[in-house]
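Every read-out reported here was derived from the displayed coordinates using simple, explicitly stated rules and does not represent laboratory data. The model shown is predicted, which means the values in this text are computed figures rather than measured ones. Reconstructed Cβ throughout: ideal geometry from the backbone, glycine too, with neighbour counts over all protein chains shown.
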Amino acid sequence: MLKGRNAIVTGSTSGIGKGIAEALASAGANVMLNGFGDAAEIERQRAALAGSATVEVAYHPADMSRPADIRDMIESAQKTFGGVDILVNNAGIQHVAPIEEFPDDRWDAVIAINLSSAFHAIKAALPGMRARKWGRIINIASAHGLVASAEKSAYVSAKHGIIGLTKTVALETAGSGITSVAICPGWVLTPLVQKQIDAKAAAGNLSAAEAKMELLGEKQPSKEFTTPEQIGQTVLFLCSSAADQITGSAISLDGGWVAQ
Ligand code: NAD
């Protein structure tokens, strides 16, 4: 389905981004991976993905808090593959603290990595998409892009912001063959969430299983985690022609979280 298309997935060495990269490669797209991690492990991941799907898989170590790195990543994908057709802005971090205690440097890092990085990547990738008259910009927002939770001021601000950015880009690209969509997952069991489960278990003297159920029970009515595979399949749908008119939307995969 995506043979001949070239994709970048930021933050794809772990969790949701890894699931999205695997889905895109399995559908025939060449993929540029990005994210932090052990170099040998990343190379194993890159080679396995390239082998499993007979697509080209590259890796760029851009730090998504650094605009110059982001521009270099887009240029590198353009040189390696000949263009960027699908840009998935997924890299993200979390910090949990009441606002009076929220460290300034954590605020700046969350906004830079979860929001500004998408602006810089979209700005660099759009001219090529416009030239080829086709593109998919998919921003991984969150249920926290639509509703808030206490102690997540930077994350909630960044995620609400990225939905605004998604809509603005949709208006600026409408009718050009390019779409801009936000995906809003609820809880997904990745290292980002595992840290919050561990903190809950420690604070409440709970077992890991109890802390998981408490976390889900507070927000996600289905009481089931959303999976990286489900998000990967949603990305494939958004890359299909069935989704040509889906632009400026925020699509929830949250087990009913924001229906409450
Ligand atoms: P994760 O911690 O498993 O993965 C995050 C990825 O981002 C990793 O590959 C990491 O190396 C990369 N990354 C972090 N900082 C980076 C930087 N400065 N430069 C480049 N890469 C960087 O987390 P995840 O849960 O898979 O989260 C992925 C995205 O999904 C995030 O934007 C997150 O906000 C969003 N999200 C997650 C959940 C959830 O429940 N896990 C829910 C909704 C939205």
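Once fully extended, how much extra length lies between residue 199 and residue 168, figured as 0.36 nm per residue of separation less the alpha-carbon to alpha-carbon distance?
7.5 nm
Just want to confirm a number: the relative contact order over the range 92-215, from Cα pairs under 8 angstrom separated by 6+ residues, in percent.
Result for the range 92-215 is 26 percent.
Using a Gaussian network model of the chain with C-alpha springs under 10 Å, which one of 246, 16, 231 is most mobile by mean-square fluctuation?
246
Check cross-link reach from residue 133 to the aspartates and glutamates: straight Cα distance under 16 Å, and skip same-chain residues fewer than eight apart.
Here the aspartates and glutamates satisfying the reach criterion relative to residue 133 are 85, 172, 244.
Suppose each label sits 7 Å from its Cα in the direction of the beta carbon; what would the residue 260-residue 40 distance come out to in nanometres?
With each label point 7 Å from Cα toward Cβ, the separation is 4.4 nm.
Once the chain is represented by equal point scatterers at the alpha-carbon sites, with solvent omitted, what log10 I(q)/I(0) does the Debye formula produce at q = 0.17 Å⁻¹?
-1.36
Averaging sequence separations of C-alpha pairs under 8 Å and six or more residues apart, then dividing by the length of the chain, give the relative contact order as a whole percent.
Over the chain, the number comes to 20 percent.
Quick one: which of 79/123; 18/212; 152/200; 18/219 span more than 19 angstrom between C-alpha atoms?
18/212; 18/219
How big is the charge dipole of the chain about its Cα centre, in debye rounded to the nearest 20, if each Lys and Arg gets +1 on its Cβ and each Asp and Glu gets -1 on its Cβ? Numbers along the way, then the final one.
Working: 22 positive and 25 negative charges, 178 e Å.
Dipole about the Cα centre, nearest 20: 860 debye.
Could you work out the helix-only [θ] at 222 nm for the chain, with each DSSP H run of four or more residues adding -39,500 (n - 2.57) and the total divided by the number of residues, to the nearest 500 deg cm²/dmol?
Values: 9 runs with 125 residues, N = 260.
The per-residue figure over the chain is -15500 deg cm²/dmol.
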